[in-house]
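Worksheet for the structure shown next.
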Amino acid sequence: MDNVHLQTSLHAVLRTRQEYLDALAELNIHTVEHLLLYLPRTHEDLSQMQTIRSAPLYEKVSIRGVIENIKLVYTRSKKKIVTALFTDREGECVEVIWFNQPHIKRMLKDGDEVALTGKLVENHHKVRFQSPAFEKVQQQNLLHAGRLVPIYPSHGIAGSKWLREKIALLKEYIDEIPETLPEDILQEEHLPKRSDAIRAFHFPDKPEEVQAARDRFAFEELFDIQKRALERKQQWQSQKDERLCITMNPDLIKTFFASLKFTPTKSQKIAIYEILKDMEKDVPMSRLLEGDVGSGKTLVAVATIAHTIAHGGQCALMAPTEVLAKQHAITVSRLLMSFYNYCTKKDLPPFVTISPCHGEGFCKSKIVTNHHGLIPQDDTSFPLSTISLLTGSTPASEKESIKTKLKNGTIDLIIGTHALIEDSIQFKNLLLVIIDEQHRFGVAQRSRLEEKGSPHVLAMTATPIPRTLALTAYGDHDLSVLLEKPGNRKDIHTKVVAPRDRPIIERFIDKEIEEGRQVFVVCPLIQDSQELDTKNVQAELSRLQSTFSNRSVTSLHGRMTPKEKEKIMQSYKEKKFDILVSTSVIEVGIDVPNATIMIIEGAERFGLAQLHQFRGRIGRSDHKSHCFLFTTNPAQAKSARLKAMETHHDGFKLAEIDLSIRGPGELLGYRQSGIPDTLRESLLNPILVMRARRAAEKYLKMHKFRNIWHSS
Ligand code: ADP
Ligand code: MG
């Protein structure tokens, strides 16, 4: 055809009914190029042509031969049947029969050479070809048989067979499809050209060609994601600032380790080293610390904080909720305090000075009774390091005073919710921001931090995700991973429970409560409605109140104010309740060592990574802990996915299983992860991900070099 090119509308090229074009239009396919880019989802291998003699019965086969004696007959029950004789190239003959497809009589005539694809079946000792698909042999090349046949996702009237025929008509334009990857990357990575890959999808000669084409597209997608992530990182690190350089102080770290009640794990040491190495540079760090629940991220954070404070910088530690912020305030100040005490006891110069008269007891009483009070009120008598807590419920006057102290540098460490950077808060010398339990350090946060002088940033997440996904979803961070579990914590006994076994388990739980243990119950979010979510918790609360009538049961849900939630958490911690029912609010960081039982209702609704998170809430004491996964119906209790929870206790392993079954969107827990589910397979391929990452790094480096070259 003359004047046809990739942008030509299909209307002008294809001779077809408007209905077909409409169906394509619904898929946003309007031009030649659009249709060529509509790729098959898989291929059926019909490349081996059989003969009647060689074809196995009841299996899909393709046979080439000639049609004779075709006729339309009516059965006694007035059904229309087309029958014919089919003779293959070996002269073997078989009857063909099509039910209720009278049009076939019009489409085929005696003497037609065809390829039939379908099953040979035996009926009353007679073998026949039953309702096969047919293709007339017009040219040398068959489309629907005799090759790796592409199977397209069909859309309404536009079925796979129709698509195959139309795409074949446009074959000659494939060469015009423009390349999207840089030439040198194609060569170095031995990837097929874009047009060749597309041809391989539609008209492959062998399966390896299809795989190479798939890899090319996956590579391209990964490369683009990596390139964008690395550009964001470059942007974040584009401002050099000498102020950020903190020389590593190994003595401080050694002494800090010595002050601990335990030995840090190897991963903790490596992570701390990686972080401090980053912080020696004059560009802001952008690092993600990934570690399973209980892997000891807090310790890494505190070592980094101590190091920064000793250097004279300010730190901010942000948690997603007030309860967690408060918990951090207690843990962090205890660790810093015992570091200080250790130094004075050993007659060492204190690296981080916290006034000894405001010891642990002080922290405890203040933190419990007074939300702002980790640290002395009258700082005139307190020239040493100061830690403060700032949350949404800090009274305005207190907040003002904290703001002043942050601005004049009196406060060294501020702990709080995300309000810390969202507000009009100014720092004297903010050098380190740690964001706990947050998936990613988003664009909005980035720009706020830029306003605060682009400090070093460490994000910490307890969602263990496979490295490939971490590199893809958080490609703008460097990655530190805590691999081992500290201490000698035992695995949590886990059981998937079908509805009918509920009474047995509930008797067991009652016995545990009798022994003094406490129970968490997690209910799934029903839809995304707070209303229903609350109802769900309320319903479960009253059910449990009657089942465990002599136990005290309480609940937490999304409708409560942070104050109410905190009050309940506090009384639960103080053992005023045996059972706490909640939605996934307790997912992150809450620490109640005496709670040894975790019940998850509607467990089938949660991802494995999330279930593992819930389970991480228990197993924090020497008592044996149990996790029960209740399913809504009996069949779900047999699901291999849920059963994986019984055998696997490693969050990374579970995350990998989740990734392969449910895809990256589910795993990251939010739709806007920016990672399409189509990448699921590629993400299970670490080599491909690493190749894309390295290629993107190299590409950006070359690009920078070219820019410098051209501008000088
Ligand atoms: P997460 O990574 O979930 O934030 P935490 O930092 O809260 O974990 O640590 C979990 C528990 O493990 C804490 O009680 C902490 O004191 C303890 N812990 C941390 N590191 C070690 C270690 N190296 N050896 C023994 N216990 C440790
Ligand atoms: Mg934590």
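For segment 53-67, the criterion of being β-branched (Val, Ile, Thr) and over 26 Å from Arg199 (Cα atoms) is met by at least one residue. Residues in segment 578-637 that are of a type in the set (Lys, Arg) and within 14 Å of ligand 1 (Cβ to nearest atom) were compared, and the one that is nearest to the chain's Cα centre (by Cα) is Arg615. Which residue is nearest to Val13 (Cα to Cα), if the candidates are limited to segment 157-173 and must be under 35 Å from the mean Cα position of the chain (by Cα) and of a type in the set (A, V, I, L, M, F, W, C)? Restricting to residues being under 35 Å from the mean Cα position of the chain (by Cα) and of a type in the set (A, V, I, L, M, F, W, C), the top hit is Leu163. Within the set of pairs 6 or more residues apart or between chains, which connect a residue that is closer than 11 Å to Asn594 by Cβ inside segment 610-626 to a residue that is among the hydroxyl-bearing types (Ser, Thr, Tyr) with Cβ atoms less than 7 Å apart? Note: pairs meeting the criteria are Ile618/Thr596; Ile618/Ser625; Ser621/Thr596; His623/Thr596; Ser625/Thr596.
Looking only at residues that are touching a strand residue (DSSP E or B) at 6+ places or on another chain (Cβ under 6 Å) and either without any contact (Cβ under 8 Å) to a residue 60 or more places away in the chain or part of a helix (DSSP H, G or I) (or both) in segment 312-335, which one is farthest from ligand 2 (Cβ to nearest atom)?
Among them, the one singled out is Ser333.
Just a yes or no: is a residue in segment 153-172 out of contact with any Cys (no Cβ under 9 Å at 6 or more places or on another chain), over 30 Å from Ala218 (Cβ atoms), surrounded by 19 or more Cβ atoms within 10 Å (Cβ to Cβ) and among the hydrophobic types (A, V, I, L, M, F, W, C)? Taking every residue of segment 153-172 in turn, none turns out to be out of contact with any Cys (no Cβ under 9 Å at 6 or more places or on another chain), over 30 Å from Ala218 (Cβ atoms), surrounded by 19 or more Cβ atoms within 10 Å (Cβ to Cβ) and among the hydrophobic types (A, V, I, L, M, F, W, C).
Candidates are the residues of segment 537-590 that are modelled with pLDDT of 85 or more and among the small types (Gly, Ala, Ser); the one that is nearest to ligand 2 (Cβ to nearest atom) is Ser582. Would segment 24-31 turn up any residue that is in a strand (DSSP E or B), surrounded by 10 or more Cβ atoms within 10 Å (Cβ to Cβ) and within 37 Å of the chain's Cα centre (by Cα)? Checked segment 24-31: at least one residue is in a strand (DSSP E or B), surrounded by 10 or more Cβ atoms within 10 Å (Cβ to Cβ) and within 37 Å of the chain's Cα centre (by Cα). For first residues located in segment 282-306 and on the phi > 0 side of the Ramachandran plot, partners that are assigned to a strand (DSSP E or B) and more than 6 Å from ligand 1 (Cβ to nearest atom) and lie 6+ apart or on another chain with Cβ distances below 8 Å form the pairs Gly296/Leu482. Scanning segment 343-363 for residues that are buried (at least 17 other Cβ atoms within 10 Å of the Cβ) and either within 39 Å of the chain's Cα centre (by Cα) or modelled with pLDDT of 85 or more (or both) returns Cys343, Val352, Cys363.
If we scan segment 211-229, do we find a residue that is within 16 Å of ligand 1 (Cβ to nearest atom) and not aliphatic (A, V, I, L, M)? No, the conditions are met nowhere in segment 211-229.
Taken over segment 318-338, the criterion of being closer than 16 Å to Thr304 by Cβ and more than 13 Å from ligand 1 (Cβ to nearest atom) is satisfied by Met318, Ser333, Leu336.
Give the residue that is modelled with the highest pLDDT, with candidates limited to residues of segment 397-417 that are within 16 Å of ligand 2 (Cβ to nearest atom) and farther than 19 Å from Ile275 by Cβ.
Only one residue tops the list, namely Gly416.
Only residues that are under 24 Å from Asp175 (Cβ atoms) and acidic (Asp, Glu) were counted across segment 10-45, and they come to 1.
Scanning segment 473-500 for residues that are surrounded by 16 or more Cβ atoms within 10 Å (Cβ to Cβ) and within 16 Å of ligand 1 (Cβ to nearest atom) yields Ser480, Val481, Leu482, Leu483, Lys485, Pro486, Ile492. Of all residues in segment 251-266, those that are touching a helix residue (DSSP H, G or I) at 6+ places or on another chain (Cβ under 9 Å) and assigned to a helix (DSSP H, G or I) total 6.
Please find, among Ala470, Ala462, the residue that is at pLDDT below 80, surrounded by 17 or more Cβ atoms within 10 Å (Cβ to Cβ) and of a type in the set (Gly, Ala, Ser).
On the way: Ala470 fails: at pLDDT below 80.
Only one candidate qualifies: Ala462.
The listed residues are Val210, Val121, and the only one of them that is in a helix (DSSP H, G or I), β-branched (Val, Ile, Thr) and either in contact with a strand residue (DSSP E or B) (Cβ under 7 Å, 6 or more places away or on another chain) or more than 25 Å from Asn28 (Cβ to Cβ) (or both) turns out to be Val210.
Evaluation of Glu451 against the conditions (1) without any contact (Cβ under 8 Å) to a residue 40 or more places away in the chain; (2) within 16 Å of ligand 1 (Cβ to nearest atom); (3) of a type in the set (Asp, Glu) shows that the sole unmet condition is (2). Within segment 201-213, the residues that satisfy the criterion of being without any contact (Cβ under 8 Å) to a residue 60 or more places away in the chain and surrounded by fewer than 17 Cβ atoms within 10 Å (Cβ to Cβ) are Asp205, Lys206, Glu208, Gln211.
Among the conditions (1) within 29 Å of Ala168 (Cα to Cα); (2) out of contact with any helix residue (DSSP H, G or I) (no Cβ under 8 Å at 6 or more places or on another chain), the only one that Leu57 does not satisfy is (1).
In this structure, does Glu274 turn out to be outside any helix (DSSP H, G or I), farther than 26 Å from Gly409 by Cα and in contact (Cβ under 8 Å) with a residue 12 or more places away in the chain?
no
Return yes when Gln187 is surrounded by fewer than 19 Cβ atoms within 10 Å (Cβ to Cβ), in a helix (DSSP H, G or I), free of Cβ contacts under 8 Å to residues at least 12 places away in the same chain and not aliphatic (A, V, I, L, M) and no when it is not. Here the answer is yes, as Gln187 does meet what is asked. Screening segment 276-300 for residues that are among the hydrophobic types (A, V, I, L, M, F, W, C) and within 16 Å of ligand 2 (Cβ to nearest atom) and picking the one that is surrounded by the most Cβ atoms within 10 Å (Cβ to Cβ) gives Leu289.
Looking only at residues in segment 254-271 that are of a type in the set (Ser, Thr, Tyr) and surrounded by 15 or more Cβ atoms within 10 Å (Cβ to Cβ), the one that is farthest from ligand 1 (Cβ to nearest atom) is Thr255.
The values are calculated or read from the model by the stated rules, or taken from the named source; none is laboratory data. In this text, all values refer to a predicted model and were calculated from it rather than measured experimentally. FYI the Cβ positions are ideal-geometry reconstructions off the backbone, even for glycines, and counts take in every protein chain you see.
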